[in-house]
Amino acid sequence: MKKILLFIIIFSISFTQRTISQEAKIFSKTKDAVVTVFGKSGHGSGFIINESGLILTNDHVIGEENNYEISVKLNESVKLKAKLIKRDVSKDLAVIGINPEIINQLNIESLKLATKSDTMIFVGERVISIGSPLNQEKILTSGIISKLEESVIVHDVNINPGNSGGPLINMNSDVIGINTFGDITNRGPGIYGSVL
């Protein structure tokens, strides 16, 4: 009888333990490096790419050329001025910089950019996005890669206004794209794109 009870207890414990998804693990590991970027025309997202305080985002998040109106919110209590380092309007990319001492004080690890190769992205693979859509911050959405074009990744990860400039991350925790646009109609949830 004791053996049966022990077996039942072990069996029930093994089936009641929760399994944490890979998406949840990656979100927990990478979310601190994703920031909210405030430009002249509103806000978007961005992410820290090195310990020197460089942040990658979309150029349209920054808005018109005005270096004095850019700020970055790292978390609920830390918001600071940022400086425009470089922008490429044609690729819709911008690099901004913040004080690296803050990153070190908060012990934020930068996100790793995937090495560009033929095997960097596969149609059908799972990916996540982290950003500041609408009135939210550090929101996780997930989906799969739907199609690859020359310089765009088409996917079904939900992207809303404010997600622009945030990272598209694969299941190795590598950034494979920067969330940029949504192609949304009233007939379905829409498709979305990230630049390479």
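The values are calculated or read from the model by the stated rules, or taken from the named source; none is laboratory data. Keep in mind that what you see is a predicted model, and the values were worked out from it rather than measured. Because the Cβ atoms are built from the backbone with ideal geometry, glycine has one as well, and the counts that use them run over all protein chains shown. Each accessible area value is taken on the protein alone, full model and side chains, heavy atoms only, with ligands, DNA and RNA left out. Shrake-Rupley method; radii C 1.70, N 1.55, O 1.52, S 1.80 Å.
Among the listed pairs Lys40/Lys73; Lys83/Lys116; Lys79/Lys112, which have their C-alpha atoms separated by more than 25 angstrom in this model?
Lys83/Lys116
Among 144-153, 117-126, 51-60, how do they line up by average Cβ neighbours within 10 Å per residue, starting with the highest?
51-60, 144-153, 117-126
Using the Karplus curve 6.51 cos²θ - 1.76 cosθ + 1.60 with θ = phi - 60°, what ³J(HN,Hα) values do you get for each residue of segment 82-98, in whole Hz, with x for Gly and Pro?
10, 10, 6, 9, 7, 9, 9, 4, 5, 9, 6, 10, 8, 10, 10, x, 10
What number, in percent, do you get for the relative contact order of segment 35-103 if the mean sequence gap of Cα pairs under 8 Å and at least 6 apart is divided by its residue count?
Reported relative contact order: 33 percent.
Would you tell me the accessible area of Leu134, worked out with a 1.4 angstrom probe on the heavy atoms of the protein chains, in Å² to the nearest 10?
Its accessible surface works out to 100 Å², give or take rounding.
Through the Karplus equation 6.51 cos²θ - 1.76 cosθ + 1.60, θ set to phi - 60°, convert the phi angles of segment 112-118 into ³J(HN,Hα) values in whole Hz; use x for Gly and Pro.
8, 7, 5, 6, 5, 7, 5
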